[in-house]
1. State whether the residues of the range 76-88 include one that is at positive phi, in contact (Cβ under 8 Å) with a residue 24 or more places away in the chain and out of contact with any strand residue (DSSP E or B) (no Cβ under 7 Å at 6 or more places or on another chain).
2. Has the range 20-37 got any residue that is touching a residue at least 40 places away in the same chain (Cβ under 8 Å) and surrounded by 14 or more Cβ atoms within 10 Å (Cβ to Cβ)?
3. Could you check how many residues of the range 38-65 are touching a helix residue (DSSP H, G or I) at 6+ places or on another chain (Cβ under 9 Å), surrounded by fewer than 18 Cβ atoms within 10 Å (Cβ to Cβ) and either in a helix (DSSP H, G or I) or free of Cβ contacts under 8 Å to residues at least 24 places away in the same chain (or both)?
4. Just one of the numbered conditions (1) without any contact (Cβ under 8 Å) to a residue 12 or more places away in the chain; (2) at positive phi is not true of residue 101; which one?
5. What number of residues within the range 1-37 are within 23 Å of residue 96 (Cβ to Cβ) and either in a helix (DSSP H, G or I) or at pLDDT 90 or above (or both)?
6. Has the range 90-100 got any residue that is modelled with pLDDT of 90 or more, closer than 24 Å to residue 10 by Cβ and surrounded by 18 or more Cβ atoms within 10 Å (Cβ to Cβ)?
7. Return yes when residue 73 is in contact (Cβ under 8 Å) with a residue 24 or more places away in the chain and crowded, with 18+ Cβ neighbours inside 10 Å and no when it is not.
8. Among the residues of the range 39-62, which ones are under 11 Å from the mean Cα position of the chain (by Cα), under 14 Å from residue 4 (Cβ atoms) and modelled with pLDDT of 90 or more?
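The values are calculated or read from the model by the stated rules, or taken from the named source; none is laboratory data. Being a predicted model, the structure only gives us computed values, none of them experimental. Neighbour counts run over all protein chains shown; Cβ positions are idealised from the backbone, glycine included.
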């Protein structure tokens, strides 16, 4: 989450394009989700009790962007490997085990 969250600040325009066009203020959503992802990564690393549920909610919230990237794949809209239909559609169901893993994160005893 930390790496992807950081990318929200490195390539915000690219990230904004992955958000479905029906949503307002796409660039603002990129920055907000970037802050949440980076903070959640720190929380997961520290095993903060709130981090797992927030990570799961964040993964669920960004799922539409992953689906949009898959829908756009093969059209030339996505740069580089993100334009590969197989890769992008293969990534969509991977959100489920990531959400499950986030919910399994627990504070250390």
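1. Looking through the range 76-88, none of the residues is at positive phi, in contact (Cβ under 8 Å) with a residue 24 or more places away in the chain and out of contact with any strand residue (DSSP E or B) (no Cβ under 7 Å at 6 or more places or on another chain).
2. No, that holds for no residue.
3. 8
4. (2) is the only condition that residue 101 fails.
5. The total comes to 12.
6. Scanning the range 90-100, I find no residue that is modelled with pLDDT of 90 or more, closer than 24 Å to residue 10 by Cβ and surrounded by 18 or more Cβ atoms within 10 Å (Cβ to Cβ), so the answer is no.
7. Working: in contact (Cβ under 8 Å) with a residue 24 or more places away in the chain: no; crowded, with 18+ Cβ neighbours inside 10 Å: yes.
Spelling it out, it is not the case that residue 73 is in contact (Cβ under 8 Å) with a residue 24 or more places away in the chain and crowded, with 18+ Cβ neighbours inside 10 Å.
8. Once the filter is applied, which keeps residues that are under 11 Å from the mean Cα position of the chain (by Cα), under 14 Å from residue 4 (Cβ atoms) and modelled with pLDDT of 90 or more, the range 39-62 yields 55, 58, 59.
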